[in-house]
Amino acid sequence: MVYTVGLTGGIGCGKSSAARLFASLGAAVIDTDEIAHQLTALGQPALASISAAFGNQYFHSDGNLDRARMRQLIFSDQTAKIKLENILHPLIKQQAMNALSECTAPYALIVVPLLLETGNYDELIQRKLLVDCTEEQQISRTMARSKLTVQEVQAIMATQIPRNERLALADDIITNTGEFSSMQTQVLQLHETYLQATK
């Protein structure tokens, strides 16, 4: 299978920006959040399982998943969160594995927000890459991007392992506390490192 790096980081740290930079250099990017979004689109089989588990109150009248209401539920109810993960995570992982098996790029990045928390992808990846910033930056960036309150961002952060633990578990780290050009430089260096690792 293709050489694979697991890309992760706390909410608001800049995972998507880093992934786009790697993609521009020729890496394949498999984003598990995007897969989850596709799996929960109208007409997808996962919706029937979600409806059976949670009821129709988490759906709009047109049959689309009420993502905002579901998000509020799973970040306030750990049992509901686990129930949803048990439905979606096996489907997401299978899609990611399918994409890896078809990959023709020099190496692949799997973007997994909870990579370090779950260990679900450990057997697929050779390196764990963390995008890191301060907790204050996580909160301010997420609030600006997603229009969430401080409390909502902190609730999401509480489901992720603390920053110091993420830093200790990572093989490689991109520090995203300053200018975008700094991230570009770090990505380019890691890109060369990963290309060398594939040889």
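The numbers here are math on the coordinates, done by the rules we state, and not lab data. Every value quoted in this text rests on a predicted model; they were computed, and no experiment measured them. Note: ideal-geometry Cβ built from the backbone for every residue, glycine included; neighbour counts use all protein chains shown.
Within the chain, which is the longest segment that contains none of the GluC sites (Glu not before Pro) sitting in a DSSP loop with at most 15 other Cβ atoms within 10 Å?
Values: sites that count: Glu102, Glu123, Glu179.
Result, exposed sites excluded: 1-101.
Can you give the extra length, in nm with one decimal, that the chain gains between His60 and Gln196 once fully stretched, where that is 0.36 nm per residue apart less the Cα-Cα distance?
Values: separation 136, 0.36 × 136 = 48.96 nm, distance 4.89 nm.
Net length gain for the segment: 44.1 nm.
Using modelled amide H (1.01 Å from N, peptide plane; none on Pro or chain starts), what sits under 5 Å from the amide H of Val131, excluding residues fewer than 5 places away?
Thr8, Gly9, Ile174
Can you compute 3J(HN,Hα) from phi for each residue in the range 144-151, using the Karplus curve 6.51 cos²θ - 1.76 cosθ + 1.60 with θ = phi - 60°, rounded to whole Hz and x for Gly and Pro?
5, 7, 10, 6, 8, 7, 4, 5
Between rounded, prolate and oblate, where does the range 63-128 land on the alpha carbon gyration tensor, with a ≥ b ≥ c its root eigenvalues, rounded for a/c under 1.5, else prolate if a/b exceeds b/c?
Details: a/c = 2.68, a/b = 1.87, b/c = 1.44.
In terms of gyration-tensor shape, prolate.
Give me the compactness ratio for the range 107-179, meaning the Cα radius of gyration over 2.2 N^0.38 Å.
Dividing the Cα Rg of the range 107-179 by 2.2 N^0.38 Å gives 1.17.
Tell me the mean residue ellipticity at 222 nm calculated for the chain from its helices only (DSSP H runs of n ≥ 4, each -39500 (n - 2.57), averaged over every residue, nearest 500). Walk me through the numbers on the way to the answer.
Values: 10 runs with 110 residues, N = 199.
Helices in the chain give a 222 nm mean residue ellipticity of -16500 deg cm²/dmol.
Through the Karplus equation 6.51 cos²θ - 1.76 cosθ + 1.60, θ set to phi - 60°, convert the phi angles of the range 136-142 into ³J(HN,Hα) values in whole Hz; use x for Gly and Pro.
Listing the rounded values in order: 4, 5, 4, 5, 5, 5, 5 Hz.
Considering the convex hull of the alpha carbon atoms of the chain, report its projected area averaged over all viewing directions, in nm², one decimal.
On the way: hull surface 45.7 nm².
Mean projected area for the chain: 11.4 nm², to one decimal.
May I ask you to derive the FRET efficiency for Leu42 and Asp122 from their Cβ-Cβ distance with R0 = 30 Å, giving the value to the nearest 0.05?
Numbers: r = 33 Å, r/R0 = 1.10.
With R0 = 30 Å, the Cβ-Cβ based efficiency is 0.35.
Counting DSSP beta bridges with both partners in the range 1-141, what percentage is antiparallel, nearest 5? Working shown, then result.
Numbers: 1 of 13 bridges.
In the range 1-141, DSSP labels about 10 percent of beta bridges as antiparallel.
Quick check: pseudo-label points 7 Å beyond the Cα along Cα→Cβ at Gln151 and Lys83, how many nm apart are they?
Label at Gln151, label at Lys83, 2.3 nm between them.
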